[in-house]
1. Please give the contour-minus-distance gain from Asp134 to Lys274: 0.36 nm per residue of separation, less the Cα-Cα distance, rounded to one decimal in nm.
2. Assuming R0 = 30 Å, what is the FRET efficiency of Thr232 and Leu291, from their Cβ-Cβ distance, to the nearest 0.05?
3. Counting only DSSP beta bridges with both residues in the chain, what percent are antiparallel, rounded to the nearest 5?
4. Each residue of region 45-52 in order: what ³J(HN,Hα) in whole Hz does its phi give by Karplus 6.51 cos²θ - 1.76 cosθ + 1.60, θ = phi - 60°, with x for Gly and Pro?
5. Given contacts defined as C-alpha pairs under 8 Å and at least six residues apart, what's the relative contact order of region 43-177, whole-number percent?
6. Would you please give the FRET efficiency between Glu119 and Glu252, computed as 1/(1 + (r/R0)^6) with r the Cβ-Cβ distance and R0 = 51 Å, to the nearest 0.05?
7. Taking the solvent-accessible surface of protein heavy atoms with a 1.4 Å probe, what is the per residue accessible area of region 20-161 in Å²?
8. Provide the gained length on full extension for the span Ala310 to Ala196, in nm with one decimal, where the gain is 0.36 nm per separating residue minus the Cα-Cα distance.
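The values are calculated or read from the model by the stated rules, or taken from the named source; none is laboratory data. Because the structure is predicted, anything quoted here is derived from the model rather than measured. As a convention, Cβ positions derive from the backbone with ideal geometry for all residues, glycine included, and neighbour counts pool all protein chains shown. Calculation scope for accessible area: heavy atoms of the full protein, side chains included, ligands and nucleic acids excluded. Shrake-Rupley method; radii C 1.70, N 1.55, O 1.52, S 1.80 Å.
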Amino acid sequence: MSVSEFSIDPWDPGYAAAMSVEAMTERGSTSAELELGVEAAPEDWSPVTPRGGAPETLLVADGVRRIDARVWVHGEPMPLPGIAASYAAGIVRCGPDGADLAEIEVRRSLISAAPDTPEVKTRHATFQPAQATDSSMESLSLALQRQVTQLELELSVRHRREGSDLLLVDGPLRGRTHLADTVGYIKTHHISYLPAPQSAVVGALASGQRTPVFLMGTSWRRHAWYLRLPVTSTAPWAGIARCEAGADLSSEQVVRLADAITLALLPLAGVPYKDPRAPQNLVPIGGLEKLLRHYLGDPQLMYRALRSAARG
């Protein structure tokens, strides 16, 4: 076998794949409604080299979550399961002089479908009651994620200078599409949204290029585009990330935003010797995640504190 017959994906195999096998086959196809002609006619799709310049300031928002204990909320007519969880969000301001931490905030919740979910005070922290729609683990997890997203939103609004800052949120833009000049950043791919001819354009991107913008609708609508961060690997989707922006933007607005965010992300790409998920895990995101997890505190200490509080 010659060297040219295979390539190595730089994404650390210890993590879930950045590009799943299903996303490259019919099993990973989707019924999403697509409008491929936002920027270029579908038959004219080709890699786009961004024009203009990078924004002066980019705010990066991210959050982390941790389940500290599974709990039972005792009430009538029967006890209901729940979770005690810690979560944190932070903002990093990236500008010409580097990146600075703007703020970090930590919160803790006791989440259950029980109407009388209590506040729990422990020796080290207080867990505020929060409601889930039902007692399934999926519902409890979704309720926790909504709280993380809301905290990210609060911090973003607090630190944003209107008209001058672009905002990048780590993850889908859902729930934040109303924010101006805001982009969701997705670094792993489990579904193939594009038909084969346009998907081939993604694989043909050079470092620093992006696809044309398209509009897609699943349970919600948004603009999207793919970009390739600086990477040396020749693996088909190495260094590929997907970006999302609000569906209400005009084609001119979203194209300018796609160019600006692509240029802004190039110098922020992760590097392999520092991050096993490079280059998609951006330097400010990787650093912020590590700091946020530190701020959550020791999980064993929190677990013991919850057990002590449960014993009264």
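1. 46.3 nm
2. Approximately 0.60, to the nearest 0.05.
3. Bridges in the chain are about 75 percent antiparallel.
4. Taking θ as phi minus 60°, the curve returns 4, 7, x, 10, 8, x, 10, x Hz for region 45-52.
5. Contact order relative to length: 26 percent.
6. With R0 = 51 Å, the Cβ-Cβ based efficiency is 0.55.
7. I get 54 Å² per residue for region 20-161.
8. Fully extending the segment from Ala310 to Ala196 adds 35.5 nm.
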